[in-house]
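Scroll down for the structure; my scribbles are underneath it.
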Amino acid sequence: MTEKTAVTPATHTAPPAKFSHGVKKGNILQVAGQVGFLPAVEGQPPTPAGDTLRAQTLQTLANVKAVLEEGGATWEDVIMMRIYLTDTAHFAEFNEMYDAYFADLKSVPAARTTVYVGLPAGLLVEIDALAVLG
Amino acid sequence: MTEKTAVTPATHTAPPAKFSHGVKKGNILQVAGQVGFLPAVEGQPPTPAGDTLRAQTLQTLANVKAVLEEGGATWEDVIMMRIYLTDTAHFAEFNEMYDAYFADLKSVPAARTTVYVGLPAGLLVEIDALAVLG
Amino acid sequence: MTEKTAVTPATHTAPPAKFSHGVKKGNILQVAGQVGFLPAVEGQPPTPAGDTLRAQTLQTLANVKAVLEEGGATWEDVIMMRIYLTDTAHFAEFNEMYDAYFADLKSVPAARTTVYVGLPAGLLVEIDALAVLG
């Protein structure tokens with residue numbers, strides 16, 4: 001019996017419903033959809049890092065990374081990233097940031113799917129990730 | 001060679017195309033996108049449980065659960081849920097139902113990503129799930 | 001330590017950002033979101049197979065298949081397909097093609113989730129796939 005554990009960085013705001021920011025079972029680590037919320041401050045509601053794609057993207061990647069690290073993984077373990085944007089006009093700018101962010105990646109980059117969806121008001125990007133460890 | 005098997009609850013309507021409601025291979029069980037269709041009645045087309053978010057959400061969760069159980073899994077084995085809603089205004093009500101539904105969950109909750117997409121006319125919610133068994 | 005490798009068919013255009021068309025780690029092969037681009041021609045930008053759902057769907061399936069084969073997998077190993085369409089009116093025609101394409105599948109069909117999203121201008125369909133080998 002492999003244990004299923006929650007992966008919850010101390011920086012993260014409580015999820016808005018009964019789900020975990022990350023779940024690890026066996027060698028699989030699934031990171032829940034992360035958005036650009038700043039590190040949690042007790043007594044304050046979740047606050048986006050800013051209203052620009054840049055600010056939110058960098059914070060979202062930092063939030064995914066925090067879950068990975070809390071679960072004992074790194075970007076190098078990630079096999080799939082799902083990118084949810086709200087506007088096709090954001091694709092080029094998003095990719096520029098994405099490429100710069102992963103410039104020093106020590107493994108081949110993860111696979112990726114990018115689609116354009118609706119997100120809660122004020123949010124411009126959501127990212128989840130699947131890692132296989134070991 | 002690990003066998004890949006279809007997981008098909010007796011209650012389920014035939015998929016509208018050549019896909020399986022669930023697929024199991026090794027210790028992985030993938031549940032296909034479920035919507036709020038009532039249990040199949042021979043000779044009748046798939047019928048949503050109702051036109052409210054509540055009716056469809058509860059039926060959708062029941063349909064995911066039926067696939068899990070047919071595959072020898074429980075909600076406790078699920079590591080990821082993907083939630084597709086059609087309207088950001090549904091988020092709060094959906095979460096209330098979600099939290100109540102999983103109130104007695106014996107494991108940490110699954111990770112989750114929620115996005116807002118288009119669905120076929122009349123459908124308000126779709127959910128798929130990834131379980132790791134054993 | 002299981003190696004994570006990129007799976008890159010020779011036919012494929014370079015990804016528009018730092019991601020891999022496919023990634024294999026252990027017995028898991030993740031195919032990135034594929035669209036209906038024709039085989040790469042050096043010095044030319046990615047070109048869709050046509051502007052019809054039929055042309056793009058068949059090319060997209062061919063592109064997914066190319067990644068599977070490059071990774072040592074076949075359609076029979078696929079447990080999940082994620083289908084992104086842009087118009088609910090495309091569902092019936094898409095399913096007809098899908099069923100015909102998989103008519104000779106030697107295993108049970110993969111699970112599937114289909115949702116309707118925005119895609120870059122001119123693209124009507126995107127598909128990614130998860131395979132478990134062995």
Criterion first (within 13 Å of chain C (Cβ to nearest Cβ), within 19 Å of A:Leu119 (Cα to Cα) and small (Gly, Ala, Ser)) does B:Gly122 satisfy it?
no
Hits in the stretch B:25-62 (condition: open to solvent by 10 Å² or more (accessible area, probe 1.4 Å), within 13 Å of chain C (Cβ to nearest Cβ) and either out of contact with any Ser or Thr (no Cβ under 9 Å at 6 or more places or on another chain) or part of a helix (DSSP H, G or I) (or both)):
B:Ile28
Mind listing just one residue for me: the one in the stretch C:102-119 that is over 22 Å from B:Leu123 (Cβ atoms) and facing chain B (nearest Cβ under 9 Å) and, of those, most open to solvent (accessible area, probe 1.4 Å)?
C:Ala103
Return yes when C:Tyr98 is within 11 Å of chain B (Cβ to nearest Cβ), touching a residue at least 40 places away in the same chain (Cβ under 8 Å), open to solvent by less than 10 Å² (accessible area, probe 1.4 Å) and outside any strand (DSSP E or B) and no when it is not.
yes
Which of the residues spanning the stretch C:103-123 are in contact (Cβ under 8 Å) with a residue 24 or more places away in the chain and out of contact with any Ser or Thr (no Cβ under 9 Å at 6 or more places or on another chain)?
C:Leu105, C:Thr113, C:Thr114, C:Val115, C:Gly122
Out of the residues in the stretch B:1-24 meeting the condition of being at the interface with chain C (Cβ under 7 Å from one of its Cβ atoms) and closer than 21 Å to A:Lys25 by Cα, tell me which one is surrounded by the fewest Cβ atoms within 10 Å (Cβ to Cβ).
B:Thr2
Being closer than 20 Å to B:Gln30 by Cα and assigned to a helix (DSSP H, G or I) is the filter; apply it to the stretch C:66-94 and report the residue that is least open to solvent (accessible area, probe 1.4 Å).
C:Leu68
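The values are calculated or read from the model by the stated rules, or taken from the named source; none is laboratory data. Since the structure is predicted, the reported quantities are computational estimates derived from the model, not experimental observations. Every residue, glycine as well, gets a Cβ built from its backbone with ideal geometry; the counts of neighbours run over all protein chains shown. To get the accessible areas, we keep the full protein, side chains included, count just its heavy atoms, and leave off ligands, DNA and RNA. Shrake-Rupley method; radii C 1.70, N 1.55, O 1.52, S 1.80 Å.
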